[in-house]
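Visitor: Got a structure for you, questions after.
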Amino acid sequence: MFQAVSARLAQTLLVLLIVSAASFAFLKLAPGDPVSIMLGSDYSQASYDKLTHELGLDQPIVLQYGRWLADFVRGDWGTSYITNQDIFELAVLQALPVTLTLAALSLLIALVVGIPTGVLAALYRNSWIDVLATTLAIGGNAFPSFYLGIILIWLFGVDLGWFPVLGFVAPWEDFWQGLWHLVLPAVTLGAWYVGLIARITRSSLLEVLGQPYILAAKARGEPGWRVVWVHGMRNVLMPLVTVIGLQLGGMLRGAVMTEVVFALPGLGMMVTTAVLNREYIVVQAGIMLTGLLFVAVNLAVDQTYQFLDPRLRRR
Amino acid sequence: MSEQSHKDKLAEALAARMNRRGFMKLMGSGAGLAAGSTLMGSALVQNAMAAAPKRGGTIKLAWVDAVDTLDPHFTSSLGSVKILNNVFNGLLKVAYDGKKVSFVPDLAEKWEMPDDKTHVFKLRKGVKFHNGDPCDAEAVKWSLERVKNPANGSPHAWKFDQLAGVDVIDDHTVRMRFNKPYAFLPVALTGSTGRAGTIVSKRAVEQYGKAFGRNPVGTGPFKFAGWRENESITLERNPDYFEPGLPYLDGVQILLIKEPTAAVAAMMAGQVDGMSLSPFQFIPQLKANPNLKVYGEVEGNYSYVGMNNRRAPFDDPMLRKAVAFAIDRSAIIKQGYFGEAIPAYTPISPPMTDFYDKNIARSGRGQYFDLKKAMEYRKKSKVQGEVNPVYIVAQGFTGSGGSGTRNSQLLLPMLEKIGIKPKIELLDRAVWTKRRNSGDFDMYDEAWIADLDPDETLYPEWHSGQSWDFVGYNSPEFDKLVSDAEDTLNQAVRKKLYYKAEDILMADAPLAVLAHMKVFKILHKRVQGFQYIPVDLLNLHSVWLS
C-alpha cells in the first residue's frame, strides 16, 4: 500500500513537472509582456529596457524557467511584478481558501440536490418525474456558469434583493455573513455539478437496482427506502466518487467564471488578472496550485475506494 | 504686463469653463428630491440638511476601472488617481464651481509668480503625513525631485522637463525655477494621471521602496488602511486632516470589480453606495432608477481612429482624409455611446471653454461626416480598388470613454462605402498595447481622457517623436505651433496657435476624431455632499451618508 502510494506520488511529480514546463513555455509564447503593461501608455525605451532587465525577462527562457523551478520547490514563489506581493501568500493563503470554500459549498449543494434528483429519476423511470429531473440535470450541465450567474444576480440580488451580488466575506471570520455572500456563487457553480451527479446517480442506480442482491433484499422483505438508500446507494457511491474526482477540473474551470462574475478573490480571479497583466509567475503559481489540487483530489479518491468497497481492502 | 498679472494671466489661460447648461442640469439632478413636494420649503429643508452633515459610517464603492498602483508618481490609471486624490494632496488642486474648472492652492496656501519662469509656493503650516512626519518645504522639494529624477524612471518625468531647480526658501516656502515660461504647469501639478505635484512621504518611500505603491502615505483626508488583492482597498479617516472638521466618513471600502455588470447589479440592488465609472450601455438603466444619482458631463476628452502614417496604405494623406470624412459621427454617438457624447470636430473639447470653438459645427473647421468629400479624397488616393488595412481592437471594458468593440463594428460598414474593408484583429489588452506601442497596425481606436488643457490633448499625442504618437505623425509645422503654444502665457495668442495647429492636424488626418464623451459616477441618493468635478475625480472629503 505504501509502495503504491509512493509510486503514484512519483508519477504525480512528473506530471506536475511537465505541466509547469508546458505552461511556462505557453505563457512566454503568448504575445504581450508585463513590462509594457506596468509602464502604461507613456514610457521610454530606456525605462522599458531597465524594467525588463530588473525583472530578469531579458534572460534566456530556459534559464528563467530553471530559476523559477529551483525557487518554487524551495517554497520561494517569487514576488508579483505589479503588486510586489509575495506570491505564495497571495495564492495559497489568500486565493486558495476562497476557491476551496466556494468549491466545497458548491459540491455540497450539488450532492444535496443531485443525489435525490437522480434517485427519484431512477425510481420513477420514464415517468414525468424522470423527464423533469433529466431535463433539469442536462440544463444545469449545459448552462454556461457566467450566464447563469448573471441571471441569478438579477433575479435574486436585484429584483428580489435576497442575496448580496458581489464581494467575499470569509466564513471563518463571519460565518453567517460569509455563507450568505456565497449562496449565489455556490448555486451558480453547483448547478453544473447537479446535472452531472443526478445523471450518474440515475444511471448507476438503475443498473444496481437490476442486480440479484437487490432482488434478494426485496425478497427478505426489507423496506423500500432501505433497499434503495442502503443496498442500492452504497454501490452507486463508487462511480459517483470517481466522477466527482475526475470532474474537478471542470469545477475549477467553472470557478474562474463564477469568481469573476461575483468578484470573489479566489484562484480563478487571481489567474484571470495575472493572465491579462502577463504576470507569468503568478499564472504559473495558479496553474501549479490547480495541478496540485487536482492530483491531491484524485489521490484521495483512490484512497476512498477501499472504504467504499470492502473487496479492495484485502489487497 | 505688470508682475502680478502673470499669475492671473496663467490662471485665466488655464481655467476651463463648463457651459451653463451643464451646470443647470447638475443642479436639476440635485433638486430632483424636492421636485415632488412643494417648492421653497423642501428646498430649504434640503439646504438645512446639507448644512448639517452626519458624521461616521463607511462608504462602499464598486470600482470598475483598473487600479495599477497607489504611488501617484508612477500610476498610469485614472482608477488609481480617483483613489489617490483622497489619500494625497498636491501643491494645487482642481476645483469646480459648477461652471468653471480652476486650479486652487491645496497644500500651498499661496501661489505667486515673481516672473514668468518662477513659481513660489507658500505652504500651509502644521500639515502632517499619515506617519506623523511634517509636510514642509523639504518634503515638497524631495517629492518634486522624485518625479524629475530620471534614475527613478517615473513615466511622468516629462512634465518637469523644463524644471531647472527647486529651492527651499524657508520651512514653508518653495520656489520652482523653469528654463522658460511653462503654461502647462498647473495641469502638470494636478491633472490626469501621475499628478506630478502630488506630495508623498519621503520616509515611507524609503521604508517601503517599490512596495510604496501598495503602502501609500500622504497627507489627504483618508489614510490608506489595506489592500486585499483582487478584492478591496480600504481607507480610514485621517483625524489630523488639515481641513477642519473633514472628512465626515469614518472609512471607505473600495470593491475591486472586474465585471461591470456585477457592479451595476450591486448598485441597482442598493448593496453599494456608488460606482467609480459605468460603461455607456448601463447608463439609461441607472438613470431610470429613482434611488440613484448619475453624475456625468462631457469631459476633456476625445475618441478617435488612429491611422499608421509610417506604412501603406495610410502613408497616403488622401486615404486618411477619406476615412475622416466617411465616418458618420451621429451614428457612432447613438449606437456606440448610447447618446452620451457629442460629435468631435477636433481634439479640443468643450470643457476647455477658452479654447473650444463653440461655432465649430458651422465653421467648416475640423472633420465631420461628408460622404461626397470622402469619395473625392478616395478618388485622389494612391491606391484604388479595395484596401484591407489591419485594424487592431482591444477586448473588454477599457475604462473611462472605452466603448469596447462597438466603435469598430460601427465603422466597418461606413468604411466599406469608400472601398476600405479593414481586417479586424480582436486582441487582449496586453497584446493590443504592445502592437499599438510598436506601431504594428494600420488602424486602431482609443480615447484620451481627463484632459484639462489643449497642451496635453495635442502635444504628447501628435508632436513627432512624442510618447503617444503611435501612428508616427510628423509635421514640423504642427510641432512648432504646439511647442510655441506651450511657452506662451498669453491666452489669445495660445488660442490662435492651437487653432492653427488643429487645422493642420485635421487636414493631415493622422487620426479621424470621433466624439467627446461624458464620464460617469453613480452614487446612491443616501450619499450626500459629493462635489462633482468634470475631470474624472471622486473626491470623498466632503461626502457623508444620510
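Visitor: Under unit Cβ charges (Lys, Arg +1; Asp, Glu -1), what dipole magnitude, rounded to 20 debye, does the protein assembly as shown have relative to its Cα centre?
Guide: 2100 debye
Visitor: Which trypsin sites (Lys or Arg not before Pro) from segment B:482-529 combine a DSSP loop assignment with at most 16 other Cβ atoms within 10 Å?
Guide: B:Lys525, B:Arg526
Visitor: Please give the residues of segment B:244-285, grouped as numeric ranges, whose backbone N is less than 19 Å from a label point set 7 Å along the Cα-to-Cβ vector of A:Asp159.
Guide: Within reach of a label on A:Asp159, which here means backbone N under 19 Å from a point 7 Å along Cα→Cβ, segment B:244-285 contributes B:261-271, B:285.
Visitor: So what J values fall out for segment B:161-176 if you push phi through Karplus, 6.51 cos²θ - 1.76 cosθ + 1.60 with θ = phi - 60°, rounded to Hz, Gly and Pro as x?
Guide: So the J values, rounded to whole Hz, are 3, 8, 7, 7, x, 10, 10, 8, 8, 8, 3, 10, 9, 10, 10, 10.
Visitor: What's the total accessible area buried between chains B and A, using a 1.4 Å probe, rounded to the nearest 100 Å²?
Guide: The B and A chains share an interface burying roughly 3200 Å².
Visitor: Please work out the Cα center distance from segment A:109-168 to segment B:449-491, rounded to the nearest Å.
Guide: Rounded to whole Å, the Cα centres lie 58 Å apart.
Visitor: Equivalent-ellipsoid semi-axes (√(5λ), Cα gyration tensor) for chain B, whole Å, largest first?
Guide: 37, 29, 23
Visitor: Which three semi-axes in whole Å describe the equivalent ellipsoid of chain A, each the square root of 5 times a Cα gyration tensor eigenvalue, listed largest first?
Guide: Over the Cα atoms of chain A, the semi-axes work out to 44, 26, 15 Å.
Visitor: Right, here's the next one. Taking the Cα centre of the protein assembly as shown as the origin and placing charges on Cβ (Lys, Arg +1; Asp, Glu -1), which of A:Leu189, B:Ile504, B:Pro317 is farthest toward the positive end of the dipole?
Guide: Most positive-ward Cα: A:Leu189.
Visitor: For B:Thr190, B:Thr69, write out the residues from largest to smallest accessible area, computed with a 1.4 angstrom probe and no ligands counted.
Guide: If we order B:Thr190, B:Thr69 from most to least accessible, we get B:Thr69, B:Thr190.
Visitor: Let me ask something else about it. Pull up all non-local amide H partners of B:Asn238: gap of 5 or more, or a different chain, and H-to-H distance under 5 Å with H placed in the peptide plane.
Guide: Residues meeting the amide H criterion: B:Phe222, B:Lys223.
Visitor: Which pairs, out of B:Lys93/B:Lys122; B:Lys128/B:Lys180; B:Lys382/B:Lys480, put more than 22 Å between their alpha-carbon atoms?
Guide: B:Lys128/B:Lys180; B:Lys382/B:Lys480
Visitor: Right, another one. For segment A:183-300, report the convex hull volume of the alpha-carbon atoms normalised per residue, in Å³, without decimals.
Guide: Value for segment A:183-300: 105 Å³ per residue.
Visitor: Okay, which of segment B:103-126 sit inside 17 Å, backbone N to the point 7 Å along the Cα-Cβ direction of B:Val493?
Guide: Within reach of a label on B:Val493, which here means backbone N under 17 Å from a point 7 Å along Cα→Cβ, segment B:103-126 contributes B:115-118.
Visitor: Next up: Ignoring the sites themselves, what is the longest stretch of chain A with no chymotrypsin sites (Phe, Trp or Tyr not before Pro) in a DSSP loop and at most 14 other beta-carbon atoms within 10 Å?
Guide: So the longest stretch without any such site is A:173-315.
Visitor: Per residue of chain A, what 222 nm ellipticity follows from adding -39500 (n - 2.57) for every DSSP H run with n ≥ 4, rounded to the nearest 500?
Guide: -23500 deg cm²/dmol
Visitor: Another question about this same structure. Loop only per DSSP, at most 14 neighbouring Cβ atoms within 10 Å: give me the GluC sites (Glu not before Pro) in segment B:293-400, ordered by residue number.
Guide: B:Glu386
Visitor: Given H placed on each backbone N at 1.01 Å, which residues far from B:Ala66 in sequence or on other chains put an amide H within less than 5 Å of it?
Guide: B:Gly79
Visitor: How large is the translational diffusion coefficient of segment A:37-191 in µm² per second when you combine the Kirkwood radius over alpha carbon pairs with Stokes-Einstein at 25 °C and 0.890 mPa s?
Guide: Stokes-Einstein gives a translational diffusion coefficient of 123 µm²/s.
Visitor: A further question follows. Given N residues in segment B:289-383, what is Rg(Cα) / (2.2 N^0.38 Å)?
Guide: 1.31
Visitor: Here is a follow-up. For B:Thr198, list long-range residues whose amide hydrogen, built 1.01 Å from N in the peptide plane, is under 5 Å from its own amide hydrogen.
Guide: When sequence neighbours closer than 5 places are left aside, there are no close amide H contacts.
Visitor: At 1.4 Å probe size, with every protein chain present, just tell me what the per residue accessible area of the protein assembly as shown comes to in Å².
Guide: That works out to 42 Å² for each residue.
Visitor: Next up: From the gyration tensor of the Cα coordinates in segment B:99-255, what semi-axes in whole Å does the equivalent ellipsoid have, largest first, with each one equal to sqrt(5λ)?
Guide: Listed largest to smallest, the semi-axes of segment B:99-255 are 27, 18, 16 Å.
Visitor: Treating only the Cβ of Lys, Arg, Asp and Glu as charged (+1, +1, -1, -1), what charge dipole size does chain B show about its Cα centre? Round to the nearest 20 debye.
Guide: It comes to approximately 1240 debye.
Visitor: Continuing with the same structure: Multiply the residue separation of B:Glu138 and B:Glu243 by 0.36 nm, subtract the distance between their alpha-carbon atoms, and state the gained length in nm to one decimal.
Guide: 35.6 nm
Visitor: Still on this structure, please answer the following. In deg cm²/dmol, rounded to 500, what helix-only [θ] at 222 nm does chain B give when every DSSP H run of at least 4 residues adds -39500 (n - 2.57) and the total is split over its residues?
Guide: -9000 deg cm²/dmol
Visitor: If the elastic network links every pair of Cα atoms under 10 Å, which of A:Ser106, A:Ser20, A:Ser145 fluctuates the most in the Gaussian network model of chain A?
Guide: Maximum among the listed residues: A:Ser20.
Visitor: Here's a follow-up. Between A:Pro144, A:Pro34, A:Pro60, where does the largest GNM mean-square fluctuation fall for chain A, given springs only between Cα atoms within less than 10 Å?
Guide: For chain A, modelled as a Gaussian network with Cα springs under 10 Å, the answer is A:Pro60.
Visitor: Follow-up question, since we're still on this one. Report the FRET efficiency, 1/(1 + (r/R0)^6), for A:Glu173 and A:Glu222, where r is their Cβ-Cβ distance and R0 is 45 Å, rounded to 0.05.
Guide: The computed FRET efficiency comes out at 0.45.
Visitor: Follow-up question, since we're still on this one. Return the distance in nm (one decimal) between the two label points of a simple spin-label model at B:Asn152 and B:Ser467, each offset 7 Å from Cα along Cα→Cβ.
Guide: For B:Asn152 paired with B:Ser467, the spin-label model returns 1.4 nm.
Visitor: Let's test the formula: R0 of 51 Å, r as the Cβ-Cβ distance of A:Gln3 and B:Lys525. What FRET efficiency results, to the nearest 0.05?
Guide: 0.15
Visitor: Here's a follow-up. Looking at segment B:228-373, how many pairs of lysines come closer than 29 Å at the Cα, when each pair is eight or more places apart or spans two chains?
Guide: Summing the qualifying lysine pairs gives 16.
Visitor: On each of the three principal axes of the Cα atoms of segment B:76-185, give max minus min coordinate, whole Å, ordered largest first.
Guide: So the three principal-axis extents are 34, 32, 31 Å.
Visitor: Using a 1.4 Å probe and ignoring any ligands, DNA or RNA, find the accessible area of B:Glu477 and quote it in Å² to the nearest 10.
Guide: Its heavy atoms expose roughly 120 Å² to the probe.
Visitor: Another question, if that's okay. Counting just the Cα atoms, what span does segment B:178-258 cover along each of its three principal axes? Round to the nearest Å and put the largest first.
Guide: 45, 33, 30
Visitor: With the alpha-carbon atoms as the only input, what is the per residue convex hull volume for segment B:319-442 in Å³?
Guide: Considering the Cα atoms of segment B:319-442, their hull volume per residue is 128 Å³.
Visitor: Also, quick follow-up: Scattering from the C-alpha atoms of segment B:246-325 alone, worked out with Debye: what is log10 I(q)/I(0) at q = 0.14 1/Å?
Guide: -0.68
Visitor: In sequence order, what are the phi-derived ³J(HN,Hα) couplings for segment A:185-197 according to the Karplus relation 6.51 cos²θ - 1.76 cosθ + 1.60 with θ = phi - 60°, rounded to whole Hz, with x for glycine and proline?
Guide: Couplings: x, 5, 5, 4, 6, x, 4, 5, 6, 4, x, 4, 5 Hz.
Visitor: I've got another one for you. Tell me which of A:Gly78, A:Ala121, A:Ala95 sits at the most positive position along the dipole axis of segment A:51-127, charges placed on C-beta atoms (Lys, Arg +1; Asp, Glu -1).
Guide: Value computed over the given set: A:Ala121.
Visitor: Sticking with this structure for a sec: Taking the Cβ of B:Lys180 as the centre, find all other residues whose Cβ is under 10 Å away and add up their charges (Lys, Arg: +1; Asp, Glu: -1).
Guide: Result for the local shell: -2.
Visitor: Pop out the ³J(HN,Hα) list for segment A:173-180 in order, Karplus 6.51 cos²θ - 1.76 cosθ + 1.60 with θ = phi - 60°, rounded to Hz; leave Gly and Pro as x.
Guide: In residue order, the calculated couplings are 9, 9, 4, 5, 4, x, 5, 4 Hz.
Visitor: Given B:Gly270, A:Ile18, B:Ile533, which one lies farthest toward the positive end of the charge dipole of the protein assembly as shown, if we put +1 on the Cβ of every Lys and Arg and -1 on the Cβ of every Asp and Glu?
Guide: The residue sitting farthest along the positive end of the dipole is B:Gly270.
Visitor: Rounded to the nearest 20 debye, what is the charge dipole size of chain A about its Cα centre when +1 sits on each Lys and Arg Cβ and -1 on each Asp and Glu Cβ?
Guide: Dipole size: approximately 1760 debye.
Visitor: If you don't mind, another one. Per 20 Å bin, what is the whole-percent P(r) computed from every C-alpha pair distance within the protein assembly as shown?
Guide: Distribution as computed: 13, 41, 32, 11, 2, 0 percent.
Visitor: Quick one: if you stick a label point 7 Å off each Cα along the C-beta vector at B:Asp161 and A:Asp86, how many nm between them?
Guide: Roughly 4.4 nm, to one decimal.
The values are calculated or read from the model by the stated rules, or taken from the named source; none is laboratory data. These figures come from a predicted structure and were not determined experimentally. Backbone-built Cβ (ideal geometry, glycine too); neighbour counts: all protein chains shown. SASA here: full protein model, heavy atoms, side chains in, ligands and nucleic acids out. Shrake-Rupley method; radii C 1.70, N 1.55, O 1.52, S 1.80 Å.
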